[in-house]
1. Looking only at region 213-235, filter to residues that are small (Gly, Ala, Ser) and in a helix (DSSP H, G or I); which one of those is farthest from ligand 2 (Cβ to nearest atom)?
2. Mind checking which residues of region 195-222 are touching a strand residue (DSSP E or B) at 6+ places or on another chain (Cβ under 8 Å) and farther than 26 Å from GLN260 by Cα?
3. Mind counting the residues in region 103-127 that are in contact with a helix residue (DSSP H, G or I) (Cβ under 8 Å, 6 or more places away or on another chain), charged (D, E, K, R) and within 16 Å of ligand 1 (Cβ to nearest atom)?
4. Could you tell me how many of the residues in region 254-269 are surrounded by 21 or more Cβ atoms within 10 Å (Cβ to Cβ) and among the hydrophobic types (A, V, I, L, M, F, W, C)?
5. Please go through region 193-210 and give me each residue that is crowded, with 21+ Cβ neighbours inside 10 Å and either part of a helix (DSSP H, G or I) or among the hydroxyl-bearing types (Ser, Thr, Tyr) (or both), ordered by number.
6. Taking GLU100 as the residue in question, decide whether it is within 19 Å of the chain's Cα centre (by Cα), within 16 Å of ligand 2 (Cβ to nearest atom) and either touching a residue at least 40 places away in the same chain (Cβ under 8 Å) or within 15 Å of ARG138 (Cα to Cα) (or both).
7. Restricting to region 183-239, name every residue that is among the hydroxyl-bearing types (Ser, Thr, Tyr) and either within 19 Å of LEU144 (Cβ to Cβ) or at pLDDT below 95 (or both).
8. Which numbered condition in (1) among the aliphatic types (A, V, I, L, M); (2) under 23 Å from ASN318 (Cα atoms); (3) surrounded by fewer than 21 Cβ atoms within 10 Å (Cβ to Cβ) is the only one that VAL223 fails?
Amino acid sequence: DHMEHFIRELPKCEHHVHLEGTLEPELLFQLAERNGVALPDTFPKTVAECHERYSRFKDLQDFLDHYYVGMSVLKHEDDFFELGKAYFHKAHADRCLHSEVFFDPQAHAERGVSIESVTRGLNRACQYATKQLGISTRLIMCLLRHLPPTEGLDTVKQSLTLYEEGLIHGLGLDSSEKPFPPELFTECYSLISSKFPSVGLTAHAGEEGDHSYVQKSLSHLNVTRIDHGVNTKQSEDLIKHVAENEIMLTLCPLSNKKLQVVQDIAELPVDLFLRNGVPFSINSDDPAYFGGYILDNYLAVHDKFNLSLTDWCVISKNSIKGSWCSEDRKKELH
Ligand code: ADE
Ligand code: ZN
């Protein structure tokens, strides 16, 4: 298959991967032992049991309940370095040349792990990726929307020196979507953008929430990108707005299937978005849990949609254009 070969070789940009979601069961159990973390009885006991559990998530919340327990084995700066390093090697193998990675500092703070040690460990992994693997990187801090917005604001305040130092480049919003609409976090976003106008703003929206969550992320949080954004498909006006304003949607096909956002990847609005000039990229979300990294996600789209070479070039160009890297780096990526 010529097309498959082309897709394997295509230079890729990742915009939607949670580093905690790249924690493979092997490393998870190693860290649990090394750090003396006792996992709850309900947690899988072996790598095989993990794979079995990961094959039947009911929805986003069912996954998240597992994800937050899994990451409890991460305790020290070096654990985060090791986690990031392992992910960047996977990305490199998939010909990913630029990667923007999410992390959830609030999910570690509750175990007494400081935002500084998480950020420094991950930033060291980013530097390793650039030096050893030639991957350009961006670190995006996400706020957990299931926690009170006042705690989000505290986290933003604690992170200001890290943004100042240039260790973090973006702000995102993730976790359980529907009960926690985007406008709750208006103040968190405006604080960051008032202090650091060049920091990239994004938010998960329209994964389980309807199109109004996408709309409100744009109007209240001033994001320039939307993570998932699948439900943009519900509104013709929104489709037009997103296309005209070049808002990139970061699609995650394998994730949507595993979390039953769609029953089949063929249901994703890939054709609709291409026909209407909606820019999107293809991403891995939580690859250790969803069974595939960025290339597997590209190949899943290839398998379900008979896209032309021209379509793939549009996807590839849009994913470079929507990246938060320098114009010089974008030229190199082409
Ligand atoms: N955190 C990690 N993966 C996520 C997803 N797909 N949606 C919301 N929050 C997440
Ligand atoms: Zn995500």
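1. SER219
2. The answer is VAL199, GLY200, LEU201, LEU221, ASN222.
3. Residues in region 103-127 being in contact with a helix residue (DSSP H, G or I) (Cβ under 8 Å, 6 or more places away or on another chain), charged (D, E, K, R) and within 16 Å of ligand 1 (Cβ to nearest atom): 1 in total.
4. So the count comes out to 3.
5. Matches in region 193-210: THR202 only.
6. yes
7. Matches in region 183-239: THR186, TYR189, SER190, THR202, TYR213, SER217.
8. Just one mismatch for VAL223, condition (3).
The values are calculated or read from the model by the stated rules, or taken from the named source; none is laboratory data. Keep in mind the model is a prediction, meaning the values are calculated, not measured. No Cβ is skipped: glycine too gets one built from the backbone with ideal geometry, and neighbour counts run over all protein chains shown.
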